[in-house]
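Trainee: Got a structure here, written out as structure tokens. Questions coming.
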Amino acid sequence: MSITITNERPDTPEAMQFNPELNKALNPDLYPTESKHGFNVEKLLRDGVAFFVTRHAGIPAGCGGIKLFGTDYGELKRMYVRPQFRGLGLGKLMIDTLARHAKENHVHILRLETGIYQTDAVHLYERYGFERRGPFGEYREDPLSIYYELALSANVT
């Protein structure tokens, strides 16, 4: 099966399918409004987030984005893999793609925020080498959030 990851606008019909799925997967009942930090499509566009879509055998399987803060750091946004495609390594491939995009733009630090109940995501980020850190940027201390950082080495391709 072929896997492709392409840089696309988040407002294409295929890309927009992910937003309601991801919002549902984040289980809105577990997080109050002040603990929700996901970007909607309009904010992805407005903030210039580079957005990527993963396809497995031509079928949209996942997405992810990265917002660059100059060359200081890149923040991973809207990471999602549809349930039927989990376990295939697509999340790792997306992080590889986002890391490559960051390095191409002279950014060598990745950061992200995720919720404490997103255990699959937490395991993925920690296996990839992300380390826990405190809040960054506009984030504030939140017992329902976990913040991560990864310094990109020269061997990330």
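Trainee: Of the residues in the range 18-31, how many are touching a residue at least 24 places away in the same chain (Cβ under 8 Å) and more than 16 Å from Glu42 (Cβ to Cβ)?
Mentor: Here the count works out to 6.
Trainee: Now for a separate question. Return the only residue of Leu22, Leu98 being within 14 Å of the chain's Cα centre (by Cα) and under 17 Å from Phe136 (Cβ atoms). Before the answer, list the steps.
Mentor: Numbers: Leu22 fails: under 17 Å from Phe136 (Cβ atoms).
Among Leu22, Leu98, only Leu98 is within 14 Å of the chain's Cα centre (by Cα) and under 17 Å from Phe136 (Cβ atoms).
Trainee: While we're here: Can you give me the number of residues within the range 89-138 that are farther than 13 Å from Glu149 by Cα, assigned to a loop (DSSP other than H, G, I, E, B) and either at pLDDT 95 or above or of a type in the set (S, T, N, Q) (or both)?
Mentor: Result for the range 89-138: 4.
Trainee: Out of all the residues in the range 106-119, which are free of Cβ contacts under 8 Å to residues at least 60 places away in the same chain and surrounded by 14 or more Cβ atoms within 10 Å (Cβ to Cβ)?
Mentor: Residues satisfying the conditions are Val107, His108, Ile109, Leu110, Arg111, Leu112, Thr114, Ile116.
Trainee: What single numbered condition from (1) part of a strand (DSSP E or B); (2) free of Cβ contacts under 8 Å to residues at least 60 places away in the same chain; (3) over 25 Å from Ser153 (Cβ atoms) fails to hold for Tyr80?
Mentor: The single condition Tyr80 does not satisfy is (2).
The values are calculated or read from the model by the stated rules, or taken from the named source; none is laboratory data. Just so we're clear, the structure is a prediction, and the values are computed from it rather than from any experiment. When we count neighbours, we look across all protein chains shown, and the Cβ atoms used for this are built from the backbone with ideal geometry, even at glycine.
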